[in-house]
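The numbers here are math on the coordinates, done by the rules we state, and not lab data. On a predicted model such as this, the values are computed, not experimentally measured, just so you know. Glycine also receives a Cβ, built like all others from the backbone with ideal geometry; neighbour counts cover every protein chain displayed.
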Ligand SMILES: NC(=O)c1ccc[n+]([C@@H]2O[C@H](COP(=O)([O-])OP(=O)(O)OC[C@H]3O[C@@H](n4cnc5c(N)ncnc54)[C@H](OP(=O)(O)O)[C@@H]3O)[C@@H](O)[C@H]2O)c1
């Protein structure tokens with residue numbers, strides 16, 4: 001029997017909890033820690049050792065997986081007081097699976113390299129259900145050697161592993177991909193709200209969206225939450241807003257003006273300000289409904305035709 005690599009897991013939230021469970025079920029000797037200790041208890045039942053601190057996980061893990069909220073949380077966890085970088089040994093590897101900025105990944109990798117610790121930048125697509133079934137899609141930025149070393153852990157959590165390039169490329173893909181996802185969610189919210197204003201049944205709308213040639217599993221997956229008015233968090237809205245801001249920051253740094261994403265961000269800001277930040281991302285529909293009820297500054301109240309703008313050359 002092959003002895004599996006000692007593995008640590010930090011960040012046992014909505015995603016990290018089930019992901020760590022799959023690492024334990026795959027037979028890795030697992031040590032876990034979470035800032036809020038109660039979330040670690042389920043892992044104990046699966047044979048994981050629950051550490052008293054993040055540093056303790058670092059000191060016993062050859063491979064350490066992190067799944068925390070954002071750039072600040074990750075930097076705090078690795079380099080803050082009692083952080084894991086001080087406790088890990090040269091040659092050890094951190095797989096960060098959180099959604100963070102590409103620049104955070106390259107900076108963290110450079111600081112870790114000074115200590116001889118390797119970083120694999122591996123955010124994931126897929127929400128709580130694929131996290132539970134071990135069917136996530138990882139987008140990896142790492143050297144081929146580092147990726148080969150952590151492939152067994154990734155395979156325990158993911159259905160597919162995409163190699164995107166060096167550290168930073170995984171996060172660049174994740175940020176660009178989540179721009180599509182959040183845009184689709186905002187448009188779905190608008191489409192269902194528009195349909196409802198015209199007397200359409202949202203369930204019937206989802207049947208149509210699910211059948212026609214631009215279908216996506218997202219229409220029914222997220223649309224059915226609107227039908228049921230069920231906004232329990234799977235992908236918390238505050239993380240979607242964070243991801244939109246990552247996309248905006250990357251676009252500004254690249255000198256790009258992404259106007260659609262700026263509009264989508266406003267919907268998410270409004271939903272967060274209205275108190276929906278800890279609910280599922282689909283709760284953005286509340287912000288869309290609120291704008292539908294507000295006075296329309298452009299006078300598009302549905303009773304008059306919009307002015308026709310002639311775009312032909314000789315107009
Ligand atoms: N949910 C999804 O569908 C989904 C899908 C793909 C990617 N993601 C990304 O995956 C990451 C985690 O998402 P999630 O949905 O699992 O979020 P979550 O439930 O909010 O979990 C966040 C985790 O980070 C920990 N954390 C936050 N700040 C910390 C700090 N300063 N030090 C140590 N630990 C800290 C939290 O600890 P506490 O328990 O103490 O708060 C918790 O374990 C995010 O980057 C998110 O954007 C989420």
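Would you mind stating whether residue 103 is within 16 Å of the ligand (Cβ to nearest atom), more than 15 Å from the chain's Cα centre (by Cα) and in contact (Cβ under 8 Å) with a residue 60 or more places away in the chain?
Yes; evaluated as a whole, the condition is true for this residue.
Can you find a residue in segment 85-94 that is more than 22 Å from the chain's Cα centre (by Cα) and over 26 Å from residue 37 (Cβ atoms)?
Yes, segment 85-94 contains a residue that is more than 22 Å from the chain's Cα centre (by Cα) and over 26 Å from residue 37 (Cβ atoms).
Filter segment 106-144 for residues that are surrounded by fewer than 16 Cβ atoms within 10 Å (Cβ to Cβ) and either away from the ligand (no atom under 12 Å from the Cβ) or part of a loop (DSSP other than H, G, I, E, B) (or both) and give the result.
107, 110, 111, 113, 114, 115, 116, 133, 135, 143, 144, listed by residue number.
It is to be established whether one or more residues within segment 147-166 are assigned to a loop (DSSP other than H, G, I, E, B) and in contact (Cβ under 8 Å) with a residue 24 or more places away in the chain.
Yes, segment 147-166 contains a residue that is assigned to a loop (DSSP other than H, G, I, E, B) and in contact (Cβ under 8 Å) with a residue 24 or more places away in the chain.
Can you name every residue in segment 208-236 that is assigned to a helix (DSSP H, G or I), touching a residue at least 12 places away in the same chain (Cβ under 8 Å) and more than 18 Å from residue 131 (Cα to Cα)?
Matches in segment 208-236: 209, 219, 220, 223, 224, 225, 226, 227.
Looking at the structure I just gave you, is residue 113 in contact with a strand residue (DSSP E or B) (Cβ under 9 Å, 6 or more places away or on another chain), more than 20 Å from residue 281 (Cα to Cα) and in contact (Cβ under 8 Å) with a residue 24 or more places away in the chain?
No: the conditions fail for residue 113.
Just a yes or no: is a residue in segment 147-169 buried (at least 20 other Cβ atoms within 10 Å of the Cβ), closer than 30 Å to residue 258 by Cα and within 14 Å of the chain's Cα centre (by Cα)?
Looking for residues that are buried (at least 20 other Cβ atoms within 10 Å of the Cβ), closer than 30 Å to residue 258 by Cα and within 14 Å of the chain's Cα centre (by Cα), one finds none in segment 147-169, hence no.
Which residues, taken from segment 1-21, are in contact with a strand residue (DSSP E or B) (Cβ under 9 Å, 6 or more places away or on another chain) and more than 8 Å from the ligand (Cβ to nearest atom)?
5, 6, 7, 8, 9, 19, 20
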